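Some notes on the structure that comes next.
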Amino acid sequence: MKEKDPFDFERFKAEAMQGLYEGKSLSPNDGVLAPLMKHLLESMMDGELENHLNEEKASGNSNRRNGKTKKTVRGLNTGTLYPSYQVHIDLDYHGC
């Protein structure tokens, strides 16, 4: 499996500061925090799948990663404070 490129926090920090100086909002929707929120969501979903696959393996079931897809993840109150994000996630073979 190809590893994801690590999130470049220093680059993010520089771009976030530049965006704030230019008047961009701090909002995680389309503001300077959006790349960080997307990275966190993708990392959490990747960790969830990794845990699921480890449990499947421990129980003797064969299951594995099976490609990637895009999903839209929405907050509880989709809007300004709770945006939706287009994230890339791995799929598992059995579709669980």
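So which residues in region 8-32 are modelled with pLDDT of 85 or more, within 21 Å of Gln86 (Cβ to Cβ) and out of contact with any Lys or Arg (no Cβ under 9 Å at 6 or more places or on another chain)? Within region 8-32, Asp8, Arg11, Phe12, Glu15, Gly19, Lys24, Ser25 meet the criteria.
Taking the condition of being among the hydrophobic types (A, V, I, L, M, F, W, C) and either surrounded by fewer than 17 Cβ atoms within 10 Å (Cβ to Cβ) or not in a loop (DSSP other than H, G, I, E, B) (or both), how many residues in region 17-34 meet it?
Residues that pass the stated criteria total 4.
Pairing each residue of region 52-64 that is under 16 Å from Leu91 (Cβ atoms) with any residue that is charged (D, E, K, R) and modelled with pLDDT under 85, provided the two are 6+ apart or on different chains, yields C-beta distances under 7 Å for His52/Asp92; Leu53/Arg64; Leu53/Asp92; Asn63/Asp92; Arg64/Asp92. Would you confirm, using the coordinates I've provided, whether Leu91 is surrounded by 13 or more Cβ atoms within 10 Å (Cβ to Cβ), modelled with pLDDT of 80 or more and not in a loop (DSSP other than H, G, I, E, B)? No, not satisfied. Considering every residue within region 46-63, establish whether at least one is buried (at least 16 other Cβ atoms within 10 Å of the Cβ) and in contact with a helix residue (DSSP H, G or I) (Cβ under 6 Å, 6 or more places away or on another chain). Yes, the conditions are met somewhere in region 46-63.
Can you confirm whether Met37 is within 25 Å of Arg65 (Cα to Cα), without any contact (Cβ under 8 Å) to a residue 24 or more places away in the chain and either small (Gly, Ala, Ser) or not in a loop (DSSP other than H, G, I, E, B) (or both)? So Met37 does not fit the description; no.
The values are calculated or read from the model by the stated rules, or taken from the named source; none is laboratory data. What you see is a predicted model, and the numbers here were worked out from it, not measured in a lab. Using ideal geometry, Cβ is built from the backbone for each residue, glycine included, and neighbour counts are taken over all protein chains shown.
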